[in-house]
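Worksheet: one structure, shown below.
Derivation of every value follows stated rules applied to the coordinates shown; laboratory data play no part. As the structure is a computational prediction, the values presented were derived from the model and not from experiment. FYI the Cβ positions are ideal-geometry reconstructions off the backbone, even for glycines, and counts take in every protein chain you see.
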Amino acid sequence: MKPMTTPPAFQPDCLLRDRQIYPLLGISRAHFWKLVKQGTLPAPIKLSPNVTAWKSNDILDYLANLVA
């Protein structure tokens, strides 16, 4: 069993991949993508055919709105 770790801190104005975001939200990868497709989570940026990322500020704003 892997030990629990603190989610990595990230800088504002950087790009995050899905594997950096869904653990922060405490949800599965499948549920994360379901929320993206529903429009509940911010829209991603397509960097290449196989690379998708999100602006960290968009994710931070989403998290702030969950708490508010």
Count of residues meeting criterion [over 11 Å from the mean Cα position of the chain (by Cα) and on the phi < 0 side of the Ramachandran plot] in the stretch 29-50: 12
Considering residues of the stretch 40-57 that are of a type outside the set (A, V, I, L, M) and in contact with a strand residue (DSSP E or B) (Cβ under 9 Å, 6 or more places away or on another chain) only, the residue surrounded by the fewest Cβ atoms within 10 Å (Cβ to Cβ): K46
The stretch 41-68 residues that are within 18 Å of P23 (Cα to Cα) and without any contact (Cβ under 8 Å) to a residue 40 or more places away in the chain, paired with ones that are part of a helix (DSSP H, G or I) and among the β-branched types (V, I, T) (beta carbon under 7 Å, 6 or more apart): P42/I59; P44/V36; W54/I21
